[in-house]
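Asker: One structure follows; several queries about it will come next.
The values are calculated or read from the model by the stated rules, or taken from the named source; none is laboratory data. No experiment lies behind these values; they were computed from the predicted model shown. When we count neighbours, we look across all protein chains shown, and the Cβ atoms used for this are built from the backbone with ideal geometry, even at glycine.
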Amino acid sequence: MNAGQSAPLGAAMRRGGVNFSVYSRSATGVELLLFDREEDHAPAGVVRLDPVENRTYHYWHVFVPGVQAGQIYGYRVSGPSDPGAGMRFDASKVLLDPYGRGVVVPKGYDRAAACREGDNAATAMKSVVVDARGFDWEGDAPLKRPSSRTVVYEMHVAGFTRNPNSGVAPEKRGTYAGLVEKIPYLQKLGVTAVELLPVFQFDSQDCPPGKVNYWGYAPVSYFAPHQAYSSRKDPLGPVNEFRDMVKALHRAGIEVILDVVFNHTAEGGHDGPTLCFRGFENEVYYILKQDKRLYENYTGCGNTLNASHPVVRRMIIDSLHFWVTEMHVDGFRFDLASILTRDESGVPLANPPVLWDIETSPILAGTKLIAEAWDAAGLYQVGSFIGESWKEWNGRFRDDGRDFFRGAEGSTARFADRLIGSPEIFGHEEREPEQSVNFVTCHDGFTLNDLVSYDRKHNEANGEENRDGADDNRSWNCGAEGPTDDPVVEKLRNRQVKNFLTVTLLSVGMPMILMGDEVRRTQRGNNNAYCQDNEISWFDWERVEKHADVHRFATLLIERRLLRDVGHEERRMSLNGMLRQAKCSWHGVKLHTPDWTDRSHSVAFTAELLQEGLVLHLILNAYWEPLEFELPQTGEGRKNLWRRWIDTALDTPNDIVPWKTAPLIPDSTYRAEPRSVVVLFAVEG
């Protein structure tokens, strides 16, 4: 055993053993604990780090010979217990390594034990030594698919296959391996990227009593894949099974985007557990209030990560580099990304260092970076997020699209702007169209089925008397609240689902759809199912057959997503008539006379797609009566050569047809039924 080295942080395999290194500025003592099993009440070995020999600057380090990959370990850290000064050291608690590449969780894991006084060794999560060199990638690498050719499928690793009707073997349901078995489904659907809800190790007990944290927005490690998502129970199983999943998805041509939570941790507020970060250097890892006993809470989750501190900035960058270089992921969606713009006092910065570190990292060049450009404290930066490579979740696309199709007044002009990439929001930056990530639903809120089936949230199962979850859903139940046998209501709901899928997948930008929306997955009106690890949240595979028409519709729509090729300059035109000077034009029921008044509920749009050699004509009728729309001529002196690709008012299989079989529409007008979307096209030349 020798002093070891300060770099790299974490547990690094070396010839003959492992080098351990952690950061703690204010600690007075550090012990490295080596365990035989995750549930052991005491470590099999304790290595006490000498504050002189085993410390360089604020880094505590040691080389331990004979240690191999798979070794379970943790730390105890001594220091001042003075919350008023921002210090919360507790030498009785077993701590995870902030840079640990693997985590094990004892069956008796107890979050409460990490909150109260006393030893918690038997019930604490622990870190695992991982050998990054011990996996055969077989030539795999991130795919680097252009954003213009990307369709994102937001999904939950476990929820995708947890349901017994998934057809996945019981031991693989809800795991990385289970997802691999369902890759053919994703290929047939046609999506090009999966955006996985958090897969960093999280605390499933960070939730109300009797519930479970299902979504995973409660990280305790930024380097370790979530242990419960692995079908393998050995300490190294989660790491290698995650890699197998990435490799299999890449072979299928599907990118892997991770939903990452660098805004808070599962350690919560002043009464939260000591799991990792607060036990090493509380004042460094978190933004504290002036009264340092308390935590700033810009996240709504009890604490806020201090992302502007150099140590935390380095950890974030090192984490991203790790997931790209050693786990081969293709991109990241940053939860509540606007928090990363706040300094150590919580004030938003014009040039936040950590975001520029990410933006300019050569290792991350070509990696997809997607921002949820707001936070829970009111900071909203959609259209003003920093950098040149960031894509942004367009929450206004969601809101304005929902308003338009439920017939809200004043929504037509706003949604028309969203249809062409939201130049009102993004146009001043002169960026690529895919800066706008277009979505109508995501994990947070109603599913697409529930959006058209409920007027209000039904979150009673969460145990908070329906107080949790958003009240502003902009939903419409189409005439009945919840499930119904009324064929008229059901037919309208089906049409509305197809309307939303059409505009999401054809609008200019990078489209994202939610897991199961293509088969009308329902959460029974629950718009905040973060604590529902059951049939409320899981993918119901019986609905693939039950709603085969919607699945077919989504598949054909993804196959031919046309508006992605509308030119950059054309997209940047606003609604003031400038589009007519380019290759695009707006219409109402009369050609070239769009109705932008507040009482308008319909609009039509013609776009010449130069790369495709096509002219595309969209009709959106959110009115409650049919409307007759004039059609533009497809060529001077020629008769009409429009073909109908989509009419959501028609029954399957006529609602959407294979491209080559689209029927001719020889008339000079088209009758759009109530609450429907029509897409026509003509081949130029």
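Asker: What number of residues in segment 48-66 are surrounded by fewer than 21 Cβ atoms within 10 Å (Cβ to Cβ) and touching a strand residue (DSSP E or B) at 6+ places or on another chain (Cβ under 8 Å)?
Answerer: The total comes to 8.
Asker: Additional query: Looking at L320, L349, which one is closer than 30 Å to V22 by Cβ and under 19 Å from the mean Cα position of the chain (by Cα)?
Answerer: Only one candidate passes the filter, namely L320.
Asker: Another question, then. State whether the residues of segment 126-135 include one that is among the small types (G, A, S) and within 17 Å of Y75 (Cβ to Cβ).
Answerer: yes
Asker: Can I ask one more? Would segment 148-156 turn up any residue that is in a loop (DSSP other than H, G, I, E, B) and either without any contact (Cβ under 8 Å) to a residue 60 or more places away in the chain or within 17 Å of V239 (Cα to Cα) (or both)?
Answerer: Checked segment 148-156: no residue is in a loop (DSSP other than H, G, I, E, B) and either without any contact (Cβ under 8 Å) to a residue 60 or more places away in the chain or within 17 Å of V239 (Cα to Cα) (or both).
Asker: Any residue in segment 203-224 that is hydroxyl-bearing (S, T, Y) and part of a helix (DSSP H, G or I)?
Answerer: No, segment 203-224 contains no residue that is hydroxyl-bearing (S, T, Y) and part of a helix (DSSP H, G or I).
Asker: Follow-up question, since we're still on this one. Of (1) at pLDDT below 85; (2) farther than 26 Å from V497 by Cα, R561 satisfies all except one. Which?
Answerer: Here R561 clears every test but (2).
Asker: Could you list all residues from segment 238-260 that are within 17 Å of Q227 (Cα to Cα) and outside any helix (DSSP H, G or I)?
Answerer: L258, D259, V260
Asker: Something else now. Tell me, yes or no, whether segment 189-200 has at least one residue that is over 24 Å from Q532 (Cα atoms), assigned by TED's automatic domain parsing to the domain that holds W390 and part of a helix (DSSP H, G or I).
Answerer: yes
Asker: With the checklist (1) under 20 Å from R232 (Cβ atoms); (2) in contact (Cβ under 8 Å) with a residue 24 or more places away in the chain; (3) of a type in the set (K, R); (4) surrounded by fewer than 20 Cβ atoms within 10 Å (Cβ to Cβ) in hand, flag the one item R162 doesn't pass.
Answerer: Answer for R162: the failing condition is (4).
Asker: Looking only at segment 509-516, decide whether some residue is touching a Leu at 6+ places or on another chain (Cβ under 7 Å), at pLDDT below 95, buried (at least 24 other Cβ atoms within 10 Å of the Cβ) and not aliphatic (A, V, I, L, M).
Answerer: No, segment 509-516 contains no residue that is touching a Leu at 6+ places or on another chain (Cβ under 7 Å), at pLDDT below 95, buried (at least 24 other Cβ atoms within 10 Å of the Cβ) and not aliphatic (A, V, I, L, M).
Asker: Any residue in segment 314-342 that's free of Cβ contacts under 8 Å to residues at least 12 places away in the same chain: show its pairings with residues that are hydrophobic (A, V, I, L, M, F, W, C) and not in a helix (DSSP H, G or I) at Cβ separation under 7 Å, as long as the two are six or more apart or on different chains.
Answerer: Listed pairs, sorted by first residue: none to list.
Asker: Taking the conditions exactly as written (surrounded by 18 or more Cβ atoms within 10 Å (Cβ to Cβ) and in contact with a Pro (Cβ under 6 Å, 6 or more places away or on another chain)), does P219 satisfy them or not?
Answerer: no
Asker: Could you check segment 594-614 and list, in sequence order, the residues that are touching a strand residue (DSSP E or B) at 6+ places or on another chain (Cβ under 7 Å) and either assigned to a loop (DSSP other than H, G, I, E, B) or more than 22 Å from G407 (Cα to Cα) (or both)?
Answerer: P594, T606, A607, E608, L609, G613, L614
Asker: Out of curiosity, is G167 within 20 Å of the chain's Cα centre (by Cα) and either farther than 23 Å from D517 by Cα or of a type outside the set (D, E, K, R) (or both)?
Answerer: Answer is no for this residue.
Asker: Across segment 11-22, what is the total count of residues that are in contact (Cβ under 8 Å) with a residue 24 or more places away in the chain and surrounded by fewer than 21 Cβ atoms within 10 Å (Cβ to Cβ)?
Answerer: Total satisfying the criteria: 4.
Asker: Also, quick follow-up: I need a count of the residues in segment 364-388 that are of a type in the set (S, T, Y) and in contact with an Asp or Glu (Cβ under 6 Å, 6 or more places away or on another chain).
Answerer: Count: 0.
Asker: Moving on. Is it true that some residue in segment 475-487 is in a helix (DSSP H, G or I) and out of contact with any Pro (no Cβ under 8 Å at 6 or more places or on another chain)?
Answerer: For segment 475-487, residues in a helix (DSSP H, G or I) and out of contact with any Pro (no Cβ under 8 Å at 6 or more places or on another chain): present.
Asker: Moving on to the next point. Answer yes or no as to whether V130 is within 28 Å of the chain's Cα centre (by Cα) and modelled with pLDDT of 95 or more.
Answerer: yes
Asker: Read through the list (1) outside any loop (DSSP other than H, G, I, E, B); (2) in contact with a Ser or Thr (Cβ under 7 Å, 6 or more places away or on another chain); (3) within 19 Å of T274 (Cβ to Cβ), then give the number of the only condition that V324 fails.
Answerer: (3)
Asker: Ok, one more. Restricting attention to segment 606-637, which residues are at pLDDT 95 or above, surrounded by 14 or more Cβ atoms within 10 Å (Cβ to Cβ) and hydrophobic (A, V, I, L, M, F, W, C)?
Answerer: Residues satisfying the conditions are L618, I619, L620, A622, L627, F629, L631.
Asker: Count, please, the residues in segment 171-187 that happen to be among the hydroxyl-bearing types (S, T, Y) and outside any helix (DSSP H, G or I).
Answerer: 1
Asker: Looking at segment 222-277 only, could you name the residues that are more than 20 Å from L179 (Cα to Cα), among the hydroxyl-bearing types (S, T, Y) and touching a Ser or Thr at 6+ places or on another chain (Cβ under 8 Å)?
Answerer: The one that is more than 20 Å from L179 (Cα to Cα), among the hydroxyl-bearing types (S, T, Y) and touching a Ser or Thr at 6+ places or on another chain (Cβ under 8 Å): Y222.
Asker: For W596, indicate whether it is outside the structural domain of E424 (by TED's automatic domain parsing) and either at pLDDT below 95 or crowded, with 17+ Cβ neighbours inside 10 Å (or both).
Answerer: No, not satisfied.
Asker: Pull out all pairs, ordered by first then second residue, where Cβ-Cβ is under 9 Å, the residues are six or more apart or on different chains, the first lies in segment 661-672 and is in contact (Cβ under 8 Å) with a residue 60 or more places away in the chain, and the second is among the acidic types (D, E).
Answerer: A672/E628; A672/D647
Asker: So which residues in segment 375-433 are farther than 24 Å from K498 by Cβ and among the aromatic types (F, W, Y)?
Answerer: Scanning segment 375-433 gives Y380, F385, W390, F426.
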